[in-house]
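The values are calculated or read from the model by the stated rules, or taken from the named source; none is laboratory data. None of these values were measured; they are calculated from a predicted model. Cβ sites come from the backbone with ideal geometry, for glycine too, and all protein chains shown count toward neighbours.
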């Protein structure tokens, strides 16, 4: 970043959110998504010993970083790796790579603690949720991760959202299931939900906030669509269609059901979910060939759950997968909270001669701050709005 950039990189202590320093960050790329961790990479210049002393305070795994644009927080996460480099001219830089706060859940395993009511040493401790709303379970997983043991609280607050969909799940000590895998598996079930850890500045206190957002069936932000035009705000676009990622049948495989060590271990498998109306050339069918999807879920031993996963995976990837992408110039008309927002895309060109006018939901954002004459831009990843 140059000195006149609208962005600031704020480095903080992960467990207390105390500001350590505000440092220049160059060659920045940053992205964020619904339902998975985003990333940040950049380079901190180290021109002298005084700056080196400041930069040495960055510690991987215990330092967080926020990217602030103007007065708004656009991104926040944890620095996981760094690379100190010196070029042939003796110029020092520290390259950093960070991931959003969801990534912390991928580094923590569910290790339930024995209670006084369950002292039997031969029975593993369990974290169990019986007939609970799935969003309550998701919050329970995150809360357990942050409160069960010292050093686990990374200050991500939770809400009180509900979905009306109830689940029963159990996690045993020794399974070494990460909290993120548990959250992903729960969200991926049929009639599941979406999650995202968002960061923002509290308008009253001015303090930074990290918050786990849950919604069913999808996260939606804003009450009015964001209108983007080409010619206009849209700089470029692409509409990739990928039949290798889609299918017309799906099966999910789970944990081994074999209890006899003398025989071959076989996984429990779901029924085959089939997109009947797409397969074949008969009247009322879509003319697609049979294309099979499969997935593995080694921690699931319930067939009904596997059946629900197979149906959900087929619904998400039926036929050819299309994830449109547009690049827009960031200006005062583009809001901070883009994930989950509905964007009305209007394009008129040689391909869309009669004009494209379709609503999409923004499910991913990649921001490229302006530098070396390049404008301040964002790439938006889209899915068709419901």
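Among 191, 133, 175, which is over 21 Å from residue 34 (Cα atoms), outside the structural domain of residue 312 (by TED's automatic domain parsing) and more than 15 Å from the chain's Cα centre (by Cα)?
Result of the check over 191, 133, 175: 175.
If the Cβ limit is 9 Å and pairs must be 6+ apart or interchain, which residue in segment 305-332 that is in contact (Cβ under 8 Å) with a residue 12 or more places away in the chain pairs with which residue that is assigned to a helix (DSSP H, G or I)?
Within 9 Å, the pairs are 305/185; 309/185.
Against the condition closer than 30 Å to residue 18 by Cα and in contact with a strand residue (DSSP E or B) (Cβ under 9 Å, 6 or more places away or on another chain), how does residue 165 come out, does it pass?
no
Taking segment 295-323, which residues are assigned to a strand (DSSP E or B) and surrounded by fewer than 18 Cβ atoms within 10 Å (Cβ to Cβ)?
Of everything in segment 295-323, those that are assigned to a strand (DSSP E or B) and surrounded by fewer than 18 Cβ atoms within 10 Å (Cβ to Cβ) turn out to be 295, 296, 321, 322.
Which count do you get for residues in segment 176-212 that are farther than 18 Å from residue 138 by Cα and buried (at least 18 other Cβ atoms within 10 Å of the Cβ)?
Within segment 176-212, residues that are farther than 18 Å from residue 138 by Cα and buried (at least 18 other Cβ atoms within 10 Å of the Cβ) number 2.
In this structure, does residue 124 turn out to be assigned to a loop (DSSP other than H, G, I, E, B) and closer than 29 Å to residue 64 by Cα?
no
What's the total number of residues in segment 92-142 that are without any contact (Cβ under 8 Å) to a residue 24 or more places away in the chain and in contact with a strand residue (DSSP E or B) (Cβ under 9 Å, 6 or more places away or on another chain)?
The number of residues fulfilling the criteria is 2.
Give the number of residues within segment 324-347 that are outside any strand (DSSP E or B) and either in contact with a helix residue (DSSP H, G or I) (Cβ under 6 Å, 6 or more places away or on another chain) or under 21 Å from residue 215 (Cα atoms) (or both).
Qualifying residue count for the region: 6.
Hey, which of the strands (runs of 3 or more DSSP E) in segment 169-273, taking only ones fully inside, have at least 3 residues that are in contact with a helix residue (DSSP H, G or I) (Cβ under 7 Å, 6 or more places away or on another chain)?
194-201, 249-256
If you go through segment 146-161 one residue at a time, do you hit one that is touching a helix residue (DSSP H, G or I) at 6+ places or on another chain (Cβ under 6 Å) and over 25 Å from residue 30 (Cα atoms)?
Looking through segment 146-161, at least one residue is touching a helix residue (DSSP H, G or I) at 6+ places or on another chain (Cβ under 6 Å) and over 25 Å from residue 30 (Cα atoms).
Report yes if residue 242 is surrounded by fewer than 18 Cβ atoms within 10 Å (Cβ to Cβ), at pLDDT 90 or above and farther than 30 Å from residue 10 by Cβ, otherwise no.
For residue 242, the condition - surrounded by fewer than 18 Cβ atoms within 10 Å (Cβ to Cβ), at pLDDT 90 or above and farther than 30 Å from residue 10 by Cβ - is not met.
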